[in-house]
1. For the pair Glu68 and Leu18, how long in nm is the line joining their label points, each one 7 Å along Cα→Cβ?
2. Could I have the simple spin-label model distance between Lys51 and Lys34, label points 7 Å from Cα toward Cβ, reported in nm to one decimal?
3. Net charge near Ser46: determine it from the other residues with C-beta under 11 Å of the C-beta of Ser46, scoring Lys and Arg +1 and Asp and Glu -1.
4. Explain nothing, just the number: dipole magnitude of segment 15-70 about its Cα centre with +1 on each Lys and Arg Cβ and -1 on each Asp and Glu Cβ, in debye rounded to the nearest 20.
5. So what J values fall out for segment 46-60 if you push phi through Karplus, 6.51 cos²θ - 1.76 cosθ + 1.60 with θ = phi - 60°, rounded to Hz, Gly and Pro as x?
6. I need the fraction of alpha carbon pairs in segment 15-70 separated by more than 18 Å, rounded to a whole percent.
7. Between Ser41 and Thr58, what length comes free when the chain is fully extended (0.36 nm per residue of separation minus the Cα-Cα distance, one decimal in nm)?
Amino acid sequence: MQTQPIATDADAGVQARLHSVKAVTKQLGIGRSKTFELIASGELRSVTVGKRRLIPETAVAEFIEYLEQQSTPPTPTQKPAMPVPSGRAPVNTTE
């Protein structure tokens, strides 16, 4: 997945390295509450500057990479795990 720049400093032509929650929310396509949940859980790193909560560009990239690793499908040689019985004895259907 390729990420797009979140914000730029139009006067200097420099890409911002710290982003607002609003900008990251828009880039990730998630809600504001979910963004704050990810920050609170430590899944998405952030910094505080004064009273503002900002998210480093590297934190966004790391989070996206983490999501990609979590969603990697099994290879064709891997078989899905079968559910383990809940401790009950198997039912004998031959009687």
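Every number in this text was worked out from the coordinates using simple rules, so none of it is lab data. Since this is a predicted model, take the numbers as computed values, not measurements. All Cβ positions, glycine included, derive from the backbone under ideal geometry; neighbour counts span all protein chains shown.
1. Once both label points are built, they end up 2.7 nm from each other.
2. So the label points at Lys51 and Lys34 sit 2.8 nm apart.
3. Net local charge, Ser46 excluded: +2.
4. The calculation lands at about 480 debye.
5. For segment 46-60, the Karplus-derived couplings read 8, 10, 10, 10, x, 9, 8, 9, 10, 10, x, 4, 5, 5, 5 Hz, x marking Gly and Pro.
6. Of all Cα-Cα pairs in segment 15-70, 23 percent lie more than 18 Å apart.
7. Length gained between Ser41 and Thr58: 4.4 nm.
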